[in-house]
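See below for the structure under consideration.
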Amino acid sequence: MLLHKTNITILRATSPQSQPNFTILRRNFCLWSMKKDPDLESALSRNRRWVVNNQIKNIIFRYPNNEIPIETLQKKFKTLDLQGKALNWISKYPSCFELHQNRIRLTKRMMNLVHQEQTIKDSLDPVFAQRLAKLLMLSFNNTLNVIKINEIKNSLGFPDDYLIRIVPRYPDLFRIVNESGRRSSMAIELIHWNPNFAVSEVEASALRKGLEPNFSCCLPSSWVKSLEKFHEFESVPYVSPYSDPRVLVEGSKEMEKRNVGLVHELLSLTLWKKVSVMKLGHFKREFFLPDKLNVLLLKHPGIFYVSNKYRIYTVLLREGYVGSQLLDKDPLVVVKEKFGEIMQEGLHEYNQRRRLVNIEKKRNKGVPLSRVDEDEMKGRRRRRRSREVSDDDGDVVVDGVNGNKLGGLLDPEERKRFYKVLFDDDGS
């Protein structure tokens with residue numbers, strides 16, 4: 001909660017007339033506070049380097065022969081909120097990228113992985129269609145704006161061309177509507193309600209177990225008050241998120257049950273069982289969710305986990321994880337993890353080569369072997385501290401369309417340390 005702490009400190013230094021504002025900020029601070037879960041914080045920590053490399057891969061595929069001039073990639077670094085030399089970055093991942101005639105391309109291993117990912121996506125078209133249909137069925141008029149769907153399409157695993165690939169392939173399910181003719185007004189409408197799709201994950205799990213539909217509570221026994229509130233909440237009968245919310249009384253326990261169920265279902269549809277709170281808030285009108293969405297999420301800590309890692313609020317489905325590990329991995333998640341493994345393998349290879357070069361330089365300068373080993377240990381400790389600062393990443397998607405920034409690097413000194421670690425320069 002670094003951002004809130006800073007605001008409160010500033011207010012304490014102001015005049016007594018600012019006391020009302022101080023009270024308001026303190027209230028907001030408490031609303032967004034949730035006891036941190038180390039395992040789930042780790043699960044939310046997607047490697048920042050993985051995010052950037054994935055975007056570099058996508059940029060490369062937009063150019064002829066799947067190659068991009070190094071000068072062009074250098075200019076693209078600004079859209080990725082990166083500074084420093086592109087070549088320095090690329091050289092750190094020899095198993096992912098290679099330099100050929102001053103152009104960057106993917107290695108054969110990476111190309112094989114990309115083809116594997118594409119093959120899986122092609123086989124998942126029926127799954128994407130069902131997922132899109134369920135998403136539309138969650139909205140009270142069965143229609144969603146394309147721009148809003150695009151905000152969460154990566155979380156849902158949709159291919160970039162889903163609008164021209166999935167929608168036309170299922171004309172009995174979807175159609176494109178655009179009443180004003182403007183691109184921003186384009187929407188997808190569900191034209192056939194499939195009752196088999198209108199079964200939530202909570203209901204499906206209950207059917208498999210032969211039980212009544214109920215939410216799972218993932219809290220330790222020491223959380224006595226939270227557990228009591230959860231059991232009180234569970235005394236209200238389950239309300240399907242696919243039911244019409246307009247028949248419910250606003251502010252009632254039944255409406256709260258329905259709202260919690262809808263967020264639960266939406267998170268269940270995502271690959272990583274998580275989504276940005278800001279993006280979720282963009283669907284409040286379509287999903288009939290309350291304006292104070294943060295209150296709803298934090299009121300149910302046994303079901304949802306809310307984190308503001310790097311000042312980007314993310315809600316995660318607790319039951320989707322065991323410790324820090326995702327319980328049920330989508331085939332696309334498995335492929336993405338392989339990409340991460342290849343990337344880390346290349347980074348390890350780069351670090352090893354660099355370490356040997358540094359050792360050889362010190363030996364040539366006549367530095368005693370014991371001193372070399374001592375310096376090496378100090379270097380490892382510095383790199384470990386640097387990783388704590390720069391390797392973690394929240395729910396960040398650096399997207400060529402949206403241009404979202406890498407979260408958390410707001411302080412100039414912190415940014416400087418970050419680029420020093422990644423590029424061996426100060427970002428200037």
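What the table below lists for this structure:
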| read-out | value |
| --- | --- |
| Scope region 67-82; condition open to solvent by 50 Å² or more (accessible area, probe 1.4 Å) and under 12 Å from I104 (Cβ atoms); matching residues | E71, Q74, K76 |
| Tally, over region 286-336, of residues that are open to solvent by 20 Å² or more (accessible area, probe 1.4 Å), closer than 28 Å to E232 by Cα and of a type in the set (K, R) | 2 |
| When residues of region 125-158 are limited to those that are within 18 Å of M186 (Cα to Cα) and not in a helix (DSSP H, G or I), the one most open to solvent (accessible area, probe 1.4 Å) | N141 |
| Positions within region 117-166 being in contact with a helix residue (DSSP H, G or I) (Cβ under 7 Å, 6 or more places away or on another chain) and of a type in the set (G, A, S), in sequence order | S139, G157 |
| Top-ranked residue of region 271-314 - restricted to ones that are hydroxyl-bearing (S, T, Y) and outside any strand (DSSP E or B), ranked as farthest from E151 (Cα to Cα) | Y310 |
| Candidate set from region 83-124 (those that are part of a loop (DSSP other than H, G, I, E, B) and buried (at least 17 other Cβ atoms within 10 Å of the Cβ)); member that is modelled with the highest pLDDT | L124 |
| Pick from region 159-196, criterion of a type in the set (V, I, T) and in contact with a strand residue (DSSP E or B) (Cβ under 9 Å, 6 or more places away or on another chain), ranking: surrounded by the most Cβ atoms within 10 Å (Cβ to Cβ) | I188 |
| Residue in region 192-204 that is assigned to a strand (DSSP E or B), within 28 Å of P126 (Cβ to Cβ) and either at pLDDT 95 or above or within 26 Å of the chain's Cα centre (by Cα) (or both) present | no |
| Residue count for region 315-325, restricted to those that are assigned to a helix (DSSP H, G or I) and more than 11 Å from A43 (Cβ to Cβ) | 1 |
| Sole residue being assigned to a helix (DSSP H, G or I), within 28 Å of the chain's Cα centre (by Cα) and farther than 17 Å from V199 by Cβ, chosen from S268, S226 | S226 |
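For (1) out of contact with any helix residue (DSSP H, G or I) (no Cβ under 9 Å at 6 or more places or on another chain); (2) at pLDDT below 95, each residue gets a yes or a no:
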{"position": "K299", "(1), (2)": "no, yes"}
{"position": "V306", "(1), (2)": "no, yes"}
{"position": "T314", "(1), (2)": "no, yes"}
{"position": "L317", "(1), (2)": "no, no"}
{"position": "K329", "(1), (2)": "no, yes"}
{"position": "N351", "(1), (2)": "no, yes"}
{"position": "R354", "(1), (2)": "yes, yes"}
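Results for (1) modelled with pLDDT under 85; (2) among the β-branched types (V, I, T); (3) open to solvent by less than 50 Å² (accessible area, probe 1.4 Å), shown as yes or no for each residue.
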site: I24; (1), (2), (3): yes, yes, no
site: M34; (1), (2), (3): yes, no, yes
site: L44; (1), (2), (3): yes, no, yes
site: N47; (1), (2), (3): yes, no, yes
site: V52; (1), (2), (3): yes, yes, yes
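The values are calculated or read from the model by the stated rules, or taken from the named source; none is laboratory data. Model, not experiment: these values are computed from the prediction. Using ideal geometry, Cβ is built from the backbone for each residue, glycine included, and neighbour counts are taken over all protein chains shown. Accessible surface is based on the protein model in full, side chains and every heavy atom, while ligands, DNA and RNA are left aside. Shrake-Rupley method; radii C 1.70, N 1.55, O 1.52, S 1.80 Å.
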